[in-house]
Amino acid sequence: MMNETLRLINERISIKEGFLEKGIPDELMNTILEAGIRAPTASNMQRYSIIIIKDKERQKAIGAYPCSAILVFNVDLNRWVKMCENIGETYPFSGVRHLLTGMVDALLCAQNIVIVAQSLGVGSCFTNSIFKAGSMSEIFKILKLPKYVFPVIALCLGYPKEWPKRKRSRVRRGIFHNETYHDFSEEDIEGILQEYNSMDFVGMKDPKEIEAEGFENYIEWFVKEWVQRESWASSKRRDLWTSLVESGFLDPKYNGLEQQ
């Protein structure tokens with residue numbers, strides 16, 4: 001049975017065709033943001049922050065699509081550390097655990113925002129551009145991020161130049177597991193490959209185009225073309241690691257483990 005919430009979730013689609021040069025009214029944006037922070041959060045701590053970017057030059061600098069507003073979601077323990085300092089306490093920071101928990105908090109908030117925006121006629125598109133544009137140290141400077149804050153993902157919001165055509169399907173095989181993880185047989189994998197090669201699959205490229213380029217299937221194209229293009233140089237990987245260490249989320253010696 002399809003209710004309004006299910007309809008919105010099923011109809012939501014990433015806007016790749018671009019956004020109109022039209023701002024989102026402040027009252028509407030506040031409504032969207034308020035709905036976002038109603039998302040579940042571990043211990044009600046809200047280990048995240050959201051940077052709202054409307055300046056087009058700054059949007060370009062972080063590599064995101066130009067739009068009405070970009071929301072950069074961050075893992076954020078900065079205010080908790082400082083609140084504890086204010087009352088003479090030390091926050092029991094535990095690095096990687098807080099990084100992972102904060103990422104979950106931030107992404108739950110982000111998904112709330114996407115659904116609410118859709119319900120109000122505002123389009124959206126997630127992008128991991130912050131990990132591609134320049135170096136992480138540059139991103140930290142552009143966003144003026146202090147220690148104990150780390151960017152997770154950017155969300156573009158705005159009014160689409162055009163709403164994309166119908167949303168295609170998602171792969172289902174191999175996604176749902178009952179009680180325990182079910183590893184894949186050769187037959188399972190062949191069935192999953194068929195789903196990825198289906199014209200109904202919402203892939204990065206149409207199967208007919210992939211075949212015309214000489215690839216046998218979607219996965220071959222995805223690994224050889226898309227993943228290779230997205231692969232980071234060793235300098236980028238070192239830059240990411242350094243940023244995680246400097247922001248306080250990774251221990252360079254023990255990686256969050258106590259010394260033995």
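The single condition from (1) in contact (Cβ under 8 Å) with a residue 60 or more places away in the chain; (2) within 30 Å of HIS98 (Cα to Cα); (3) open to solvent by 40 Å² or more (accessible area, probe 1.4 Å) that PHE150 fails is (3). Exactly one residue out of PHE201, PHE215 is modelled with pLDDT of 75 or more, touching a strand residue (DSSP E or B) at 6+ places or on another chain (Cβ under 8 Å) and surrounded by 11 or more Cβ atoms within 10 Å (Cβ to Cβ): that is PHE201. For PHE73, the criteria (1) over 14 Å from the mean Cα position of the chain (by Cα); (2) of a type in the set (Phe, Trp, Tyr); (3) modelled with pLDDT of 95 or more hold in every case but one, which is (1).
Among residues that are in a helix (DSSP H, G or I), modelled with pLDDT of 95 or more and surrounded by 14 or more Cβ atoms within 10 Å (Cβ to Cβ), ILE113 is included. Looking for something closer than 16 Å to ILE130 by Cα and among the hydrophobic types (A, V, I, L, M, F, W, C) - is there at least one such residue anywhere in the stretch 217-234? Yes: one or more hits. Between LEU143, LEU155, the distinction of being open to solvent by less than 10 Å² (accessible area, probe 1.4 Å), touching a residue at least 60 places away in the same chain (Cβ under 8 Å) and over 13 Å from ARG47 (Cβ atoms) belongs to LEU155 only. Listed conditions (1) open to solvent by 90 Å² or more (accessible area, probe 1.4 Å); (2) farther than 23 Å from ILE113 by Cα; (3) touching a strand residue (DSSP E or B) at 6+ places or on another chain (Cβ under 8 Å) are all met by GLU179, apart from (3).
Number of residues in the stretch 81-110 that are open to solvent by 40 Å² or more (accessible area, probe 1.4 Å) and either without any contact (Cβ under 8 Å) to a residue 12 or more places away in the chain or among the aromatic types (Phe, Trp, Tyr) (or both): the value is 11. Entry remark, the stretch 136-179: residues being part of a loop (DSSP other than H, G, I, E, B), out of contact with any helix residue (DSSP H, G or I) (no Cβ under 8 Å at 6 or more places or on another chain) and either among the small types (Gly, Ala, Ser) or at pLDDT 95 or above (or both) number 2 in total.
Identify, please: which residue in the stretch 5-30 is of a type in the set (Val, Ile, Thr) and loosely packed, with under 15 Cβ neighbours inside 10 Å and is, among those, nearest to LEU157 (Cα to Cα)?
ILE9
Scanning the stretch 226-244 for residues that are open to solvent by 80 Å² or more (accessible area, probe 1.4 Å) and either modelled with pLDDT of 85 or more or not hydrophobic (A, V, I, L, M, F, W, C) (or both) yields a total of 4.
The values are calculated or read from the model by the stated rules, or taken from the named source; none is laboratory data. Since the structure is predicted, the reported quantities are computational estimates derived from the model, not experimental observations. Glycine also receives a Cβ, built like all others from the backbone with ideal geometry; neighbour counts cover every protein chain displayed. Keep in mind that these areas ignore ligands, DNA and RNA; they rest on the heavy atoms of the full protein, side chains included. Shrake-Rupley method; radii C 1.70, N 1.55, O 1.52, S 1.80 Å.
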